[in-house]
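Structure, as C-alpha cells:
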Protein chains: 2
Amino acid sequence: MLQVWLLVDLDSDTSVPVFQVCEWHSPEQLKKLLDLELRDRGEPESEILQRCRDAIRYSVKTSHPRFFNQLYAGMEPYSMVASFIAEAVKTNLYTYEVAPVFTLMEDAVLRKMIKVIGWEEGGDGIFNPGGSLSNIYAVNLARYRYCPDFKEVGMFSAPRLVILTSQEVSRQSRVTELRLSRVFFRGRMIPSALEEKIKLAKSEGAVPFMVNATAGTTVLGAFDPIDEIADICEKHNLWLHVDACWGGAAIMSKKHKHLLKGIHRVDSVAWNPHKMLMASLQCSAFLVRDKTSLLQRCHSARASYLFQQDKFYDVSYDTGDKSVQCSRKPDAFKFWLMWKALGSRELEQRVDRALAMARYLAEEIKKREGFRLVLEPEFANVCFWYLPPSLRNLPESPELWKKLHTVAPVVKQRMMKTGSMMTGYQPLGEKANFFRMVVISPQVSRQDLDFVLDEIHNLGKDL
Amino acid sequence: MLQVWLLVDLDSDTSVPVFQVCEWHSPEQLKKLLDLELRDRGEPESEILQRCRDAIRYSVKTSHPRFFNQLYAGMEPYSMVASFIAEAVKTNLYTYEVAPVFTLMEDAVLRKMIKVIGWEEGGDGIFNPGGSLSNIYAVNLARYRYCPDFKEVGMFSAPRLVILTSQEVSRQSRVTELRLSRVFFRGRMIPSALEEKIKLAKSEGAVPFMVNATAGTTVLGAFDPIDEIADICEKHNLWLHVDACWGGAAIMSKKHKHLLKGIHRVDSVAWNPHKMLMASLQCSAFLVRDKTSLLQRCHSARASYLFQQDKFYDVSYDTGDKSVQCSRKPDAFKFWLMWKALGSRELEQRVDRALAMARYLAEEIKKREGFRLVLEPEFANVCFWYLPPSLRNLPESPELWKKLHTVAPVVKQRMMKTGSMMTGYQPLGEKANFFRMVVISPQVSRQDLDFVLDEIHNLGKDL
C-alpha cells in the first residue's frame, strides 16, 4: 500500500516551502510557466516528468490542513488508493459484464447508505458525477411519478408543474425547465410559508409536485426542518427530495443526526461522501426510497449494444440504464474501501471531530476583538466578518457595511498571494461580504484554526 | 515516471493466467468472494490490501489487447499518470482560484481541438463527465439561442420545439423533454429526408430548431454527411450539433478526416478523447463555435460563494458557471499530458493504425468460411455474423436468421467464461444478433485479430 504514496512523494519540490497552500500566479504568468501549447511532435520523458512536477507545484494544495475554501478538503488515503485502482483498471460502470466488482460494490454502498438513512423497506440509488446531477435526477423522478407518459405527450400538453424549494436550484431548472417557486429562503425553509405557497400555486391552476429541501446549505450550513416538511408533503402528496450533499454526513453521528430528523420519510436524497466524509472527488450518491425500479423506468434508453436481454446472467445487475449519462466512473469504490478500512465508528468520530472543531472556531471568534459571527453555526460552516481596527469604532450604519464589504476580497487576495491559507468569502442577500470557514479534515488542529484568525487579522489590520 | 507503474505491477496475481481478459463469476458467487458488507469496525491494512488485490483480480482487464467490448480499450500510460496526479491533488474545476493549472490546461486543449475542427474564429467549450451530457449541453444551447428567455417564461408559453436526429438521443430527450423527430435512422442521415421532415414539422405548426447529426454511430460506426446537412441547416437557420464522441478522432488523420467533411460549419461538437484517442476515462469535450459566451449565459447560476465578481483576478477564468454540474474533474489534463508527450503526429498514426487494423479484420472476415460482414466498415467498427457449420448450408430464410440470432449470445457467454477475449454483440432493427468488434488500441496486433476469429469459431462451431 505504501508504494502508492511514492507518486505523491515523488513530486515534492524542495524549492517550494511545504507550508504553502498555493503558489499564486496570475493566468498570464502561469501560462508562461506551463508552456501549454500542444504541438505536432511529442516531448521526451524528462520534460513530461517536469510538466507533471509543475502541474503539482502550481496546483492548490487542497489536502493542506489550512485549505478551507470549499466543501471538500484533506486527503483520505484509502479512498485515494481506491481512486488510483479505479483509474488503472479503467472501468465504465454500465454493465455487470464489464464492471462486475464495482457494480456489486456500488450496490453494497447504496444499501448501506439506505440503511443509515432509515428506509427500512430498502430503496434504490446510483452514484453520479456531482450533487447537481443528483438533484436533477430527483426532479426527473418526481415528474415521472407524477406523469409517467411525460416523454410521449411532451411538455406542451402537460400541466404547469411547480417545484417548491429552499436552496438555490436554478441549475436543475436550467436543464429541466420547470417553474420554480422559491420565496422562503432565509437560511431555512419555513413550513407554514411552504404550505401557503402550495395553496397559492394550486389556486393559480398550477400543479405543485415536488418540494426540494436542503440539509446543510452551502454557505450557512442550515438544515431545513425535514420532519415538518414531510408532514406537509404527505398531506399534499408531493415528492420530497432532500439535498443533503453537504449535510448528509451528520447522519453518521449519533450526536448530530437530529439535524436530519425525518429523513427516513422523504422520497429521495442527494448525499456526497466526497464532502465531509472525505472520499476522493467525485463521490456523489443519489438515493431513492422507491422499490419499483422508478430510476430505471424513468431514465431507460434501452441501448441494444449494452443492455441485451438475452444475456446469460441476471441483467438486473446492468445499472447503466438507470442513469442519464450512461458511462459512469466506479465512484462508489472510493467510499467502499475507506468505509471497509475505517468502519462506521471512525466515520462517526470524524464527523463529531469536525463539528467540535467548528464549534471551537465559533467560540474563538466570539472571544476575539474585531471578529463577529454572521450567525451561530449549526454545522461545520462558520461564517463571520473581520473588522479591521479602522472600522471597529464606527456606528452600525450602511456606510460601515459598505466599507466592511470591501475587506474580505482584499484579505482573500493577500492570503492567496502569501499562500498561507485559503478560505472563502461571499455576500448573501443583504449581508456584506463575510468569510466562510468550513472545517472538515481530521488533519486540522486547534492551532490551525487559531492561525486562521491570527492570519486574517495580520492580513487585514491595515484596511 | 516508472515508479507510478508499481501500483499496477503490485497487484499482478500469479495464480491468474496473464492472458485472461476476465475471470467470470456470477453476481452471487462474486458477492461471496468479495465480502462486501460495511461494518462498524474497520479492517487492518493487510486485509484492505487483499481487498485491493481482489478488486483488481475480478475486474475485467479493459487494457488487455483482446478486450474489444466497448468504445474504449487499452492503456495510455501518460494519460494514466495524469489521472493519478489529478486524483492526488484533488481538484474541482470551477474557479481559477482553486484550479489554476487545470483551468489553463482545459483552455489550451479546447483551443487546440477547436483549431483541429477548423473553426477559424475560435470558439468555446468545456469537458463533461461523458458524451451524453455533452449532447444535452448542445440541446440546451440550441434552445437558449432560439429562445433566451426560456427559463423565465417556462416551457408552457414556448412554441412546440422539435429536434431532428439520426442516432438515438432519447437520453437527452428524457432530461430536456423536447419533442424528437427521428425517422431517418438507416445507418446514416439522408439529407433529402431531413429537409422533408423540417417542412413537415413546420406545416404542423411545430418549430424545428436543431439537427443532431452523428459522426461515428455506436454500433455501425456510420458517419452522417455533415456538409450536406450543414447546407440544409443554414437554409432553415437550425442549430447543427454533431455527436462525434466516437468518430471525432478521425479528424486527427489526414487520411481519414474526410469522414467529417463539413465539421467546420457546425455549431457544436461532442468529442470524447477517451474513446479512440485512449485518454483515461472520462475525457469528453463539448465544443461550441459561438464566441458570445453562450455556454455561460445559458447555464450560469451565479453562485455567490464561488463566482464573486469582486475577485482580484480576471474572473472570466472561472469556468464553473459554464457547466450544469458545477463541480468538475480536471479531465482535460489527461488528454493534455498525453498530447504533449506524443504530439499530434503520434495521435494521427494511432488513428491510422486502428483503422488499418479494422480494415485487416474486415478482409479476413470476407476470406473466412462461416463469417459474414453486416456491412463494409467505414470506421473502426467491424460488424459481422458467425455461422456455425450447422447453419452454413441452410437457405436464406426467416428460420436461418432466427437460429443465427441465438448464436452470438452463446458464443459471448462461452468467451466470458473462458476469459479469452471480450467483444460485443447486439441486434439492430431487423438484423439478427451480430458481433461488433472495435479496434482501437495500438497494442492490438494482427495475431490478436486472427485469434478473435479463430476463437469465435472454436467457441461456436458446435452450435
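When the charge dipole of chain B is built from unit charges on Cβ atoms (+1 for Lys and Arg, -1 for Asp and Glu) and taken about the Cα centre, the candidate among B:Met105, B:Leu361, B:Leu49 whose Cα reaches farthest toward its positive end is B:Leu361. Under the classification rounded if a/c is under 1.5, otherwise prolate if a/b is larger than b/c and oblate if not, where does the protein assembly as shown fall, given a ≥ b ≥ c as square roots of the Cα gyration tensor eigenvalues? In terms of gyration-tensor shape, prolate.
In debye to the nearest 20, how big a dipole does region A:399-463 give about its Cα centre with +1 on each Lys and Arg Cβ and -1 on each Asp and Glu Cβ? Don't skip to the end; give the middle numbers.
Working: 9 positive and 7 negative charges, 40 e Å.
Rounded to the nearest 20 debye, it is 200 debye.
Amide H contacts under 5 Å for A:Trp239: A:Met210, A:Val211, restricted to partners 5 or more places along the chain or on a different chain, H placed in the peptide plane at 1.01 Å from N.
Fewest-first ordering of B:Met278, A:Met105 by other beta carbons within 10 Å of each residue's beta carbon gives A:Met105, B:Met278. Pairs from the table (A:Lys403/B:Lys311; A:Lys31/A:Lys90; B:Lys197/B:Lys431) lying more than 20 angstrom apart at Cα are A:Lys31/A:Lys90; B:Lys197/B:Lys431.
Between the amide H of B:Gly125 and those of B:Val288, distances stay under 5 Å, these residues lying 5 or more places away or on another chain, with hydrogens modeled in the peptide plane. Per residue of peptide B:300-313, the mean number of Cβ atoms on other chains within 10 Å of the residue Cβ is 6. Taking a ≥ b ≥ c as the square roots of the eigenvalues of the Cα gyration tensor, chain A is classed as oblate, since a/c reaches at least 1.5 and a/b does not exceed b/c. Exposed loop sites, defined as GluC sites (Glu not before Pro) outside DSSP H, G, I, E and B with at most 11 other Cβ atoms within 10 Å, are absent from the longest region of chain A, namely A:205-368. Within region B:448-463, whose backbone N sits under 13 Å from a point 7 Å along Cα→Cβ of B:Leu394? Output list for this probe position: B:463.
For the protein assembly as shown, DSSP calls about 55 percent of its internal beta bridges antiparallel. Each principal axis of the Cα cloud of region A:387-463 was taken in turn, and the coordinate range along them, longest first, works out to 40, 27, 22 Å.
To the nearest 20 debye, what charge dipole does the protein assembly as shown have about its Cα centre, counting +1 at the Cβ of each Lys and Arg and -1 at the Cβ of each Asp and Glu? Mind dumping the intermediate values first?
On the way: 122 positive and 112 negative charges, 213 e Å.
Charge dipole of the protein assembly as shown: 1020 debye, to the nearest 20.
Model label points for A:Arg446 and A:Phe312, set 7 angstrom from Cα along the Cα-to-Cβ axis, are 6.4 nm apart. The value given for region A:258-399 is a Kirkwood hydrodynamic radius of 19.8 Å, derived from the mean inverse Cα-Cα separation.
Quick check: from the Cα gyration tensor, does region B:31-170 come out rounded (a/c under 1.5), prolate or oblate? List each step's numbers first, then the result.
Working: a/c = 1.99, a/b = 1.74, b/c = 1.14.
Because a/c hits 1.5 or more and a/b exceeds b/c, region B:31-170 counts as prolate.
Across region B:370-385, rounded Karplus estimates of 3J(HN,Hα) from the backbone phi angles (6.51 cos²θ - 1.76 cosθ + 1.60, θ = phi - 60°) give x, 10, 9, 5, 6, 7, 5, x, 10, 9, 8, 8, 10, 9, 7, 9 Hz, Gly and Pro being marked x. Here the Karplus curve 6.51 cos²θ - 1.76 cosθ + 1.60, taken at θ = phi - 60°, turns the phi angles of region B:59-67 into couplings of 7, 5, 8, 5, 8, 5, x, 10, 9 Hz, with x standing for Gly and Pro.
Of the trypsin sites (Lys or Arg not before Pro) found in region B:273-325, those that fall in a DSSP loop while having at most 14 other beta-carbon atoms within 10 Å are B:Lys291, B:Arg302.
Per residue of A:29-38, count partner chain C-beta atoms within 10 Å of its C-beta, then hand back the mean as an integer.
On the way: counts 1, 6, 3, 0, 2, 6, 2, 10, 4, 17.
So the per-residue partner count for this stretch is 5.
As a length-normalised measure over Cα pairs under 8 Å and 6 or more apart, the relative contact order of chain B settles at 21 percent.
Equivalent ellipsoid of region A:236-289: semi-axes from √(5λ) of the C-alpha gyration tensor, largest first, are 20, 15, 7 Å.
Considering every residue in A:47-55, what mean count of other chain Cβ atoms within 10 Å of its Cβ is obtained? Numbers along the way, then the final one.
Working: counts 2, 9, 2, 0, 9, 9, 1, 1, 12.
Mean shielding count: 5.
Think of it as helices only: each DSSP H run of n ≥ 4 in chain B is worth -39500 (n - 2.57), and spread over all residues that comes to -13000 deg cm²/dmol at 222 nm. Here the Karplus curve 6.51 cos²θ - 1.76 cosθ + 1.60, taken at θ = phi - 60°, turns the phi angles of region A:106-117 into couplings of 4, 4, 5, 5, 4, 4, 5, 5, 4, 5, 4, 5 Hz, with x standing for Gly and Pro.
None of the figures in this text is laboratory data; all of them are computed from the coordinates on show. Because the structure is a prediction, the values reported are computed rather than measured. Counting neighbours? That spans all protein chains shown, and the Cβs are built from the backbone with ideal geometry, glycine included.
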